[in-house]
1. Can you name every residue in region 218-263 that is in contact with a helix residue (DSSP H, G or I) (Cβ under 9 Å, 6 or more places away or on another chain), part of a strand (DSSP E or B) and farther than 30 Å from residue 29 by Cβ?
2. How many residues does region 155-172 contain that are of a type in the set (D, E, K, R) and within 16 Å of the ligand (Cβ to nearest atom)?
3. Which of the residues that make up region 46-74 are of a type in the set (A, V, I, L, M), within 16 Å of the ligand (Cβ to nearest atom) and farther than 22 Å from residue 196 by Cα?
4. Pick out the one residue from 32, 42 that is in the same structural domain as residue 208 (by TED's automatic domain parsing), away from the ligand (no atom under 16 Å from the Cβ) and in a loop (DSSP other than H, G, I, E, B).
5. Evaluate the following for residue 195: is it more than 16 Å from the ligand (Cβ to nearest atom) and under 24 Å from residue 8 (Cα atoms)?
6. Could you tell me which of the residues 23, 84 is closer than 20 Å to residue 154 by Cβ, assigned by TED's automatic domain parsing to the domain that holds residue 214 and within 16 Å of the ligand (Cβ to nearest atom)?
7. If you check every pair at least six apart or on different chains, which have Cβ atoms under 8 Å apart with a residue in region 194-210 that is assigned by TED's automatic domain parsing to the domain that holds residue 40 first and a residue that is of a type in the set (Asp, Glu) and within 11 Å of the ligand (Cβ to nearest atom) second?
8. Which of the residues that make up region 239-263 are over 33 Å from the mean Cα position of the chain (by Cα) and of a type outside the set (Phe, Trp, Tyr)?
Amino acid sequence: MELRLENLTKIFTNKTGTDTRAVDDLSITIESGTLVGLLGPSGCGKSTTLFMIAGLLKPTSGKIFFGDDDVTKLAPEKRGIGLVFQNYALYPHMTVYKNIMFPLENMDVPRDEAIARVKEMANLVGIGTMLDRKPAQLSGGQQQRVAIARALVKKPRVLLLDEPLSNLDARLRLQMREEIKRIQRETGITTVFVTHDQEEAMSISDKMVVLNFGVEQQYAAPQIMYNEPANLFVAKFLGNPPINTLEADIKNGYLMINDQKFMKFNVKDGSYMIGMRPEHFRVAEKNSEEKVKVDIKEIFHVGRDTMIHFELNGQNIRALVDSDSVEDNDNTVELTLRRNRIYIFDKDTGKVID
Ligand code: ATP
């Protein structure tokens, strides 16, 4: 089922009359069967967006469509959604079986079919042998699986997950990430996954929406967003270690780094913000004309790669290069990056220019 948000806006007005634009004119189309990660810093409007899709919050303006069906004014229980929250919200006094069965109790599903569906969902999420246990007898990851089975048992049109992994320890998070991806693929259900963890979103999403102050910054596949950020915010938000940024001039068409002509760009002369990811640097070939010589401040060996620290235009820069391309006693090195891995941003708007 395709999920479409059209100019979706939510404004909260507090008692003193000041407005918060929690979600600001958000328009995106989520293709049927895809998993979309909603990502951004705390307070950017992720949960508000999810709650509006669920029908738990009324939009100030804008529309929500499931396929051709305008659900904007529809009650949550009529939308056909499955919801999973970070605290799972399982019923502690009920067995796993009853927890998963619960959403079917008031539906017109024949008893045999309901039982079969509970078993099918329990098997799908890998807890088929634990149906008689109570939630307290399960690990965090198992409880999470029950919550997902319960959300899926009604065969919802859309699955909504609000930070579903944030109560799990690091190892379980990794495991459940893969599980959620697998379950989503097997069921083919259109899914929206809220997280503030960029690595989690990148690893699980078919596409991601990055929000900042309620405004969509970019909507794209993770790898595209990483390699072709639409603006400085997205460039900085994704990546660990983070992208390096520095101010630089374009003079006579050349990007000027450390008073050297580094590379020619088809951008008008002026002062810009430049972004370069640590792992996109390479030690330049001897005969390369597009390189910059830097004084190495520090060298760290980090497994397969070597991290070097140096300055570009007075900014501290980190680069990850091949271990055998620098020696411990090197004082200088000549570096380069592929042209399409050097990002040039407008200093005022942060928008990418090249
Ligand atoms: P987090 O990652 O911290 O959960 P989030 O991205 O999910 O954050 P939201 O919870 O959607 O962010 O909040 C977006 C903005 O709306 C924030 O500035 C928040 O303070 C505000 N907000 C959310 N709910 C309300 C409310 N009921 N009344 C007033 N303001 C609210």
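The values are calculated or read from the model by the stated rules, or taken from the named source; none is laboratory data. Source: prediction; values computed, not measured. FYI the Cβ positions are ideal-geometry reconstructions off the backbone, even for glycines, and counts take in every protein chain you see.
1. 244, 245, 263
2. 2
3. Across region 46-74, the qualifying residue is only 64.
4. Checking each option against the conditions leaves just 32.
5. Values: more than 16 Å from the ligand (Cβ to nearest atom): no; under 24 Å from residue 8 (Cα atoms): yes.
Against the criterion (more than 16 Å from the ligand (Cβ to nearest atom) and under 24 Å from residue 8 (Cα atoms)), residue 195 does not qualify.
6. 84
7. Taking only residues 6 or more apart or on different chains, the pairs are 194/162; 194/163; 195/163; 196/163.
8. 251, 252, 253, 256, 258, 259, 260, 261
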